[in-house]
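K.L.:
First, the structure itself, so that you have it in front of you.
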Amino acid sequence: MKTVALLLFMACALPRMLPAAGNEFEMPADPKLHGEYPQNYQAIITNWLATVLADAPSAQVEWLTTPKAGTMPEKKGGAALFGYLVEFKLNSRNQFGTYTGMQKHTALLHDGKVIKATGFGF
């Protein structure tokens, strides 16, 4: 009888303990590792883009996620950098004045700064 009760409990509780289909477990944020949560993440990334894009005023940004605690490798196979990951799509003009098309990027923010980003060639 106890076994049946335990199995029924597990069957009812397990779906609530697992993430919904397509969702991942969220890493809990530790301010010592990840820094403070970036409330103004859009402004931080937009200001950073102004320093790295050839034609920043032409940038069209589509925000895909809000900041989530996470990591990125410092270099390939290197140590992990901790912060908050934000995914976004970007379309801007290149040095030839041509739009590049919407491309997905991920930025890692730590203490109000972009410390790493994907898809920018550095």
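K.L.:
Are any residues in region 41-78 without any contact (Cβ under 8 Å) to a residue 12 or more places away in the chain and under 17 Å from VAL114 (Cα atoms), and if so, which ones?
P.N.:
Answer for region 41-78, where residues must be without any contact (Cβ under 8 Å) to a residue 12 or more places away in the chain and under 17 Å from VAL114 (Cα atoms): ALA43, ASN47, ALA50, THR51, PRO73, LYS75.
K.L.:
Here is a list of conditions, (1) under 30 Å from LYS32 (Cβ atoms); (2) modelled with pLDDT under 95, and THR46 meets all of them except one; can you say which number that is?
P.N.:
(2)
K.L.:
For ALA21, work out the one condition from (1) within 16 Å of the chain's Cα centre (by Cα); (2) at pLDDT below 90 it doesn't fulfil.
P.N.:
The number of the failed condition is (1).
K.L.:
Mind listing whichever residues of region 66-122 are under 14 Å from GLY35 (Cα atoms) and among the aromatic types (Phe, Trp, Tyr)?
P.N.:
PHE82, TYR84
The values are calculated or read from the model by the stated rules, or taken from the named source; none is laboratory data. This structure is a prediction, so every number in the text was calculated from the model and none was measured. Heads up, the Cβs are rebuilt from the backbone with ideal geometry, glycines too, and the neighbour counts pull from every protein chain shown.
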